[in-house]
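A.B. asks: Sharing a structure here in structure tokens format.
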Amino acid sequence: MRLTSTGQKTVRVLGGLVVILLIGLGLRFAAQNGYGRGIIGSLTPDKVEGLDAATEQSQSNAAFAGLPSDKPAALPGAPEVRINFWAWNSQMGCLYSNGGPVTTEGSLMEKQGIKVFISRQDDNSQLMAQLTRLAQGLHGGQAQPRDGIHFIGIMGDGAGAFLAALNTQLEESFGPEYRAEIVGSCGYSRGEDKLMGPQKWRDNPQSMRGAVIAGVLRDGDWNIAQRFMGDNGLANNPDERTYDPNAVNWVNTSSYVDATEKYVSNYCEERPVVENGRRTGETKRICVDGIVTWTPADVTAARERGGLVSVVSTKEYSSQMPHVLIGIRKWNQDNRATVEKLLTAFTQGGDQVLAHPQALSRAAEISQEIYQEAGADAAYWEKYYKGVTEPDKQGIPVELGGSKANNLADNLLLFGLAQGSTPETSRFRSVYTVFGKIVTQQYPDLVPSVPAYDSIVDVSYLRAVASRAGGEVGRAETTTFADSTSRVTRVVGRRNVKISFATGSAEFTPQTERELQQLFDELSINSLAVEVHGHTDNVGDAAANQQLSEDRAIAVKQWLERRSAATFPSGRVRVFAHGSTQPVESNRTEAGRAANRRVEIVIGS
């Protein structure tokens, strides 16, 4: 199933990387589709840990609210809200709550007394332009501007770069109160966004050195590959005009569909070879051997050529890609009651889709009403919301699709408002921090920084919704670990981390806090099982070294669990002590002994 040209969930805007001409304002966003000229050589992304979605379950117990009709609700004089959404299955619960493109009779939104208009918009430059038009109207004195839209939805892992581009212009043009901000989430990508490649990449990530992957650079699915590369110590070549045999290389595409078409057509080109950022004088014919994409382009790759598997996706990295709802701060504050009613209906819709198959089926019908995808129907949207494993053209089983709706409890957990977490230790703060860092690391000329987290997230609306709901917030998805002593069977990432201890003890040094916070952010993005392996050099008594390695690993485990019980439940972090038995360097030199005094993190399912 192919998307139309307007049906590409293209996230081309990551941090000032797109061109936008805002009609009527003449505002220009940076037009650069190249690479950061300040980068020398290939960079290894920061390593980030992931989550095994198969261990997570949403346990919604909401009573069935009944199906909305397809007749638009009258609602005379009701507040109106205009929303632009990508064609993306993570929004199923929010669509269900509205009953259709316009709020319908019997819908959850009608019960809230507001009238919502939802339309499809897959062009992020237009999403930025529409939000800016609303801000322009507000700045011009219109309490309820007729131009522009009130909310848009995008991938949460791309929010930092998206807002870096947008808020710079909004604040310069109108003032800080007109900046865009995140107020909630409709759901998650849970498998549909992925890195696809040969089976050997999944079995042995080191075999990706020299790989050539097609995709939209600096977007959410590119982030998935960067995550996997960082987890496994693989360098990224940020210059899509050269080829580095020791790094992962890229063919930049105009869309996710274009990425798949390049693989299906066996696209090749000649490139100069580089090593350590310097051209060798050689050239090499390179061909696309992997893609980063999303449903339905992954279906196209499987059906028309095959040979690729899901190397890693938002099934494993399941907290990476939440949907986020973004609006203009001033309008939100001036219309607080309307925003809270919108979130109430949206989160109730999530509960219905999670708990009742007939609600999911109706949401799939609404999806097609709004998205109007050529060749698709309600059954298509429902099938790939659930996710399936299908044989490709070569008979290889391939995982395709996979999404999840969010209820109120899921929102509270995501933004650090649930029991056992805080806004300072929230999963979304970690997502925003880690992926903002990746894009600024790889392209510092294009995205030198992203906005401060607290300037772009306002949890007060969700707090108010939860307060009125009392104990009726639904049930958040939970992760359980039945056996805290078992070893990981599928390793997603393995790496040594720098954690400073006082000599000969398991006491952290003053500089350790920053090191542990970075580890916390990386691991908080998801909930894969975490193994903490303690190692020492061979100086001193072997038995004492064995105990020291265990004490240090336990210290790391306890720090993580104290930081957030919601993110690190009992059994998630497992400790293994090795003393001096597994050196990675010779113990004959001080440098070798220092390398052997380490903590190794292994994550997987």
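A.B. asks: Can you say whether Val248 is part of a helix (DSSP H, G or I) and buried (at least 20 other Cβ atoms within 10 Å of the Cβ), as far as the supplied structure shows? Explain how you work it out, then say what you get.
C.D. replies: Numbers: part of a helix (DSSP H, G or I): no; buried (at least 20 other Cβ atoms within 10 Å of the Cβ): yes.
No.
A.B. asks: If I ask for residues that are closer than 30 Å to Leu417 by Cβ and not in a strand (DSSP E or B), which ones from the range 567-605 would you list?
C.D. replies: Result: Thr567, Phe568, Pro569, Ser570, Gly571, Arg572, Ser605.
A.B. asks: Shifting gears a bit: Of all residues in the range 249-270, which are touching a residue at least 60 places away in the same chain (Cβ under 8 Å) and aliphatic (A, V, I, L, M)?
C.D. replies: Answer for the range 249-270, where residues must be touching a residue at least 60 places away in the same chain (Cβ under 8 Å) and aliphatic (A, V, I, L, M): just Val257.
A.B. asks: So Leu516 clears everything in (1) under 24 Å from Gln226 (Cβ atoms); (2) modelled with pLDDT under 90 except one condition, right? Which one?
C.D. replies: (2)
A.B. asks: Please verify whether Phe435 is closer than 26 Å to His356 by Cβ and within 18 Å of the chain's Cα centre (by Cα), treating the condition exactly as stated.
C.D. replies: For Phe435, the condition - closer than 26 Å to His356 by Cβ and within 18 Å of the chain's Cα centre (by Cα) - is not met.
A.B. asks: I'd like to know if the range 498-519 contains one or more residues that are surrounded by 15 or more Cβ atoms within 10 Å (Cβ to Cβ) and under 28 Å from Trp201 (Cα atoms).
C.D. replies: yes
A.B. asks: Continuing with this model, one more query. Assess whether Thr480 counts as being open to solvent by 50 Å² or more (accessible area, probe 1.4 Å), touching a helix residue (DSSP H, G or I) at 6+ places or on another chain (Cβ under 9 Å), under 24 Å from Phe228 (Cα atoms) and hydroxyl-bearing (Ser, Thr, Tyr). Please lay out each step first, then the result.
C.D. replies: Working: open to solvent by 50 Å² or more (accessible area, probe 1.4 Å): yes; touching a helix residue (DSSP H, G or I) at 6+ places or on another chain (Cβ under 9 Å): yes; under 24 Å from Phe228 (Cα atoms): yes; hydroxyl-bearing (Ser, Thr, Tyr): yes.
The answer is yes for Thr480.
A.B. asks: Find all pairs meeting these conditions: Cβ atoms under 6 angstrom apart; at least six residues apart or on different chains; first residue within the range 130-155 and without any contact (Cβ under 8 Å) to a residue 12 or more places away in the chain; second residue open to solvent by 10 Å² or more (accessible area, probe 1.4 Å) and assigned to a helix (DSSP H, G or I).
C.D. replies: none
A.B. asks: Looking at the range 440-462, is at least one residue under 14 Å from the mean Cα position of the chain (by Cα) and closer than 18 Å to Gly220 by Cβ?
C.D. replies: As a first pass, look at the range 440-462 and keep what is under 14 Å from the mean Cα position of the chain (by Cα): none.
No.
A.B. asks: Moving to a separate point now. Out of Ala359, Ala355, I need the residue that is crowded, with 24+ Cβ neighbours inside 10 Å, more than 22 Å from Asn124 (Cα to Cα) and touching a residue at least 60 places away in the same chain (Cβ under 8 Å). Which one?
C.D. replies: Working: Ala355 fails: crowded, with 24+ Cβ neighbours inside 10 Å.
Selected residue: Ala359, the only one of Ala359, Ala355 that is crowded, with 24+ Cβ neighbours inside 10 Å, more than 22 Å from Asn124 (Cα to Cα) and touching a residue at least 60 places away in the same chain (Cβ under 8 Å).
A.B. asks: Residues being open to solvent by 10 Å² or more (accessible area, probe 1.4 Å) and more than 17 Å from Arg278 (Cβ to Cβ): count how many of those fall in the range 226-239.
C.D. replies: Matching residues across the range 226-239 total 2.
The values are calculated or read from the model by the stated rules, or taken from the named source; none is laboratory data. From a predicted model like this one, the values you see are computed outputs, not experimental measurements. Positions of Cβ are generated from backbone atoms using ideal geometry, with glycine treated the same way; all protein chains shown enter the neighbour counts. With ligands, DNA and RNA removed, areas are computed over all heavy atoms of the protein, side chains included. Shrake-Rupley method; radii C 1.70, N 1.55, O 1.52, S 1.80 Å.
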